[in-house]
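Chemist: Can you keep this structure in mind? I'll have questions shortly.
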Amino acid sequence: MREAEGWLAVIGTGPAGPGWMTPETTDIVAEATDLVGYVTYLDRLPDGGQRRHPSDNREELERARQALELAAEGRRVVMVSGGDPGVFAMAAAVYEALDTDGERWRDVPVRVAPSVSAMQAVAARAGAPLGNDFCVVSLSDNLKPWELILKRLRLAAEGDFALALYNPTSRARPWQLGEALATLREHRAGDTPVILGMAVGRENERVTITTLDEVDPSAADMRTLVIVGASTTRVVERGGERRVYTPRTYPAGEE
Ligand code: SAH
């Protein structure tokens, strides 16, 4: 990347504070002159003297355009997401802005740096529930129809994938997780392991291992990632601790 010119780097803080950031990401932030992003994510970065441009959590496309505009003016801009910037986060918004209005920022170098996503953090805390094939679905119907989400859940259940569910609930979306779990119950045994990973990596982290029959949707909040096992997902008890894993091998004879 050329030093004298502006650029945009889209980065992620990982699920929590600086301990979850990659060295590559930390280096990029150190080179930046400007930090753009949702205020909660900006707050995870130590003060390095950069100009901060905090925003609320909406208006992603507007924020992407603002970041590109600053880079076009010659600033070294870091766009900050939580978790990985490519998973339900700002990298797609930046490319959408480039796709719809590309001429305007034709000469601005853009790159995306990978980070730990919430599903990896929660899976690691619980053991290895995503050890075999899995699907990732956001339950937020702010940007896509609820019917499509239910269809994807049904098909993932039919395919016997483990599932990582982002954005399970919020004040404005209180019923979606309950309905999603009810849909999965139609296809999967009641004793299928379910993990609620709340605020993983942060002070108030809580990881609950339960089952599809017993899970209480109201125990999840918007900082929770939900993992639902496949038919092969198992619980291991060791020294009073429970962990969940999905074996690498699939039983012979199963389709
Ligand atoms: N880009 C982010 C996801 C943003 S969507 C990533 O890669 O992780 C926001 C959702 O991510 C939340 O609703 C929650 O489901 C999940 N999430 C983010 N941080 C989390 C954490 N520390 N613990 C559990 N879930 C988290």
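Chemist: Take the range 178-224 and flag every residue that is basic (Lys, Arg) and within 16 Å of Asn167 (Cα to Cα).
Modeler: Arg223
Chemist: Only one of Thr211, Thr224 is touching a Pro at 6+ places or on another chain (Cβ under 9 Å) and within 12 Å of the ligand (Cβ to nearest atom). Can you tell me which? It would help to see each step written out before you state the result.
Modeler: Working: Thr211 fails: within 12 Å of the ligand (Cβ to nearest atom).
Of the residues listed, the single one that is touching a Pro at 6+ places or on another chain (Cβ under 9 Å) and within 12 Å of the ligand (Cβ to nearest atom) is Thr224.
Chemist: Also, quick follow-up: Restricting the search to the range 215-227, which residues are closer than 18 Å to Ser138 by Cα and part of a loop (DSSP other than H, G, I, E, B)?
Modeler: Residues satisfying the conditions are Ala220, Asp221, Met222, Arg223.
Chemist: Given the residues Ala89, Ala16, which is the only one that is out of contact with any His (no Cβ under 7 Å at 6 or more places or on another chain), under 19 Å from Arg223 (Cβ atoms) and surrounded by fewer than 21 Cβ atoms within 10 Å (Cβ to Cβ)?
Modeler: Only one candidate passes the filter, namely Ala16.
Chemist: Additional query: Which residues, taken from the range 213-255, are crowded, with 19+ Cβ neighbours inside 10 Å and hydrophobic (A, V, I, L, M, F, W, C)?
Modeler: Listed by number, the residues that qualify are Val215, Ala220, Leu225, Val226, Ile227, Val228, Ala230, Val244.
Chemist: For the range 130-214, which fully contained strands (runs of 3 or more DSSP E) count at least 2 residues that are under 22 Å from Arg242 (Cβ atoms)?
Modeler: Details: elements: 134-138, 162-166, 193-198, 206-211.
The strands (runs of 3 or more DSSP E) meeting that bar are 162-166, 193-198, 206-211.
Conditions tested, residue by residue: (1) within 24 Å of Met222 (Cβ to Cβ); (2) surrounded by fewer than 23 Cβ atoms within 10 Å (Cβ to Cβ).
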{"residue": "Arg51", "(1), (2)": "no, yes"}
{"residue": "Ser55", "(1), (2)": "yes, yes"}
{"residue": "Ala64", "(1), (2)": "yes, no"}
{"residue": "Ala72", "(1), (2)": "no, yes"}
{"residue": "Arg76", "(1), (2)": "no, yes"}
{"residue": "Met79", "(1), (2)": "yes, no"}
{"residue": "Gly83", "(1), (2)": "yes, no"}
{"residue": "Asp101", "(1), (2)": "no, yes"}
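Chemist: Can you tell me which residues in the range 1-20 are modelled with pLDDT under 95 and within 21 Å of the chain's Cα centre (by Cα)?
Modeler: Ala16, Gly17, Pro18, Gly19, Trp20
The values are calculated or read from the model by the stated rules, or taken from the named source; none is laboratory data. As the structure is a computational prediction, the values presented were derived from the model and not from experiment. Here Cβ is always computed from backbone atoms with ideal geometry, including for glycine, and neighbour counts include all displayed protein chains.
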